[in-house]
Amino acid sequence: MEQTYRFDNINEYNALNNHPTLHPLASVIDFSKAKPRNWGEASTVKINYDFYCIFLKDVKCGDLKYGRNYYDYQEGTLVFIAPGQSVGIENAQVTYQPKGYGLVFHPDLIRGTALAKSIHEYRFFSYYTNEALHLSERERQLVLDCFSKIEFELQQAIDKHSKKLIASNIELFLNYCERFYDRQFITRDDVHKGILAKFEELLNSYFLSDKPETMGLLSVAYCADQLHLSANYFGDLIKKETGQAAKEYIQDKIIDVAKNKVLGNDKTISEIAYELGFKYPQHFSRFFKEQVGYTPNEYRSMN
């Protein structure tokens, strides 16, 4: 049985966690002060948030599912959720005591601030499959320090400086998280090289099959889905590993296959275009010339 909960505002979420509402649009929560959590008879709980959530998890509370996939998370990791996103908790029948900390803030808090303009640049809010942020002990302490500074501002009487100071401290925290993710891309190098190898295998098998003709041009979204990663995380991973955007990497593969087809058989350019997944041959010719400098026919004649 599945049960759905929706939190529209910060006060509702504070009430769930036995936490006072110091500010209507933001809160730093110590989950150890919440009452033991019991979701009733539901084996799966789906939670919708209308605000940003960053959770420092200190206890595993069931299998955390985000979209169609499971979070690769453990004790001492950061989980990021953006407004409108849903999180599902499976195997939720067991009563447990929440632990850890959370920063939650409503989009209205940052409207008109510098953070409002840059919030969409923090791509980890869309890292919704397989990769939470795994913290070192020093990074964890820095996160707690940032939470403490934000909480200090929340405890002050609201005045004309409150919004700017709270938003600035949240932005500082998110910038640290970007640094931590860059570190994680490096320290989990073996895992990522395995994904890169699978990506190469996926590219090769795609073009050896009839999928281009039935499914169309290979896309970043398709590759990410096949590798059980979010498109944003997959794109960032490929960029870190190869120095190229994932889209550019795929385009290079298409051109490599296209060159072999143009020179390797007597098929028409239109036939080759359809075999590669292009809907219209003229789109293939234009793409080929943009990448190679010559049309497919010119390239065939030259070689």
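For the chain, what relative contact order do you get, as a whole percent, if you take Cα pairs closer than 8 Å and at least 6 residues apart?
Once divided by the residue count of the chain, the mean separation gives 15 percent.
Say we join alpha carbon atoms closer than 10 Å with springs in a Gaussian network model of the chain; which of L154, L174, L263 then has the biggest fluctuation?
Among L154, L174, L263, the largest GNM mean-square fluctuation belongs to L263.
What FRET efficiency would be calculated for the residue pair N297, T4, taking the C-beta separation as r and a Förster radius of 51 Å, to the nearest 0.05?
After rounding to 0.05, the efficiency reads 0.35.
For a quick check, take a GNM of the chain with Cα springs below 10 Å and name the residue from K46, K149, K267 with the largest mean-square fluctuation.
Judging by the Gaussian network model, the answer is K267.
Which of N204, F284, G194 sits farthest toward the positive end of the charge dipole of region 190-302, with +1 on the Cβ of Lys and Arg and -1 on the Cβ of Asp and Glu?
With unit charges placed on the Cβ atoms, the residue in question is F284.
Rounding to the nearest 20 debye, state how big the charge dipole of region 231-303 is about its Cα centre with +1 on each Lys and Arg Cβ and -1 on each Asp and Glu Cβ.
Value, rounded to 20: 100 debye.
How do E200, E153 line up, fewest other C-beta atoms within 10 Å first?
E200, E153
Using a Förster distance of 25 Å, how high is the FRET efficiency between T95 and D50, based on the Cβ-Cβ distance and rounded to 0.05?
0.40
State the extension gain, in nm to one decimal, for the chain segment bounded by Q282 and L172, taking 0.36 nm per residue of separation less the distance between their alpha-carbons.
Contour length minus Cα-Cα distance gives 34.8 nm.
Return one number: the angle in degrees, 0 to 90 and rounded to the nearest 10, between the long axis of the Cα atoms of helix 162-187 and the longest principal axis of the Cα atoms of the chain.
So the helix axis and the longest Cα principal axis differ by about 50 degrees.
Determine the calculated [θ] at 222 nm for the chain from helices alone, applying -39500 (n - 2.57) to every DSSP H run no shorter than 4 residues and normalising by the residue count; nearest 500 deg cm²/dmol.
-15500 deg cm²/dmol
Could you list V220, V292 in order of exposure, starting from the residue whose Cβ has the fewest other Cβ atoms within 10 Å?
Fewest-to-most ranking of V220, V292: V292, V220.
Longer than 27 Å from Cα to Cα, which of K247/K279; K46/K99; K57/K149; K99/K164 are they? Say none if no pair is.
Check vs 27 Å cut-off fails for K99/K164.
Nearest 20 debye, what's the magnitude of the dipole of the chain about its Cα centre given +1 on Lys and Arg Cβ and -1 on Asp and Glu Cβ?
360 debye
Can you sort K240, K117 from fewest to most other Cβ atoms within 10 Å of each residue's own Cβ?
K117, K240
Straight-line reach from K240: which aspartates and glutamates have a Cα under 14 Å away, not including same-chain ones fewer than 8 places off?
E178, D182, D189, D190, E248
Among A231, A197, A273, whose mean-square fluctuation peaks in a Gaussian network model of the chain (Cα, cutoff 10 Å)?
It is A197.
Working from Cα positions, state the angle (0 to 90°, nearest 10) between the long axis of helix 189-208 and the longest principal axis of the chain.
40 degrees
What is the distance, in nm, between label points placed 7 Å from the Cα along the Cα-to-Cβ direction at E12 and at R111?
1.8 nm
Hey, which aspartates and glutamates would be in cross-link range of K160, C-alpha to C-alpha under 20 Å, not counting anything within fewer than 8 residues on its own chain?
D108, E151, E171
Here, each number is a calculation from the coordinates, and none is a lab measurement. All of these numbers come straight from a predicted model, not from anything done at the bench. In this analysis, Cβ positions are derived from the backbone assuming ideal geometry, glycine residues included, and neighbour counts consider all displayed protein chains.
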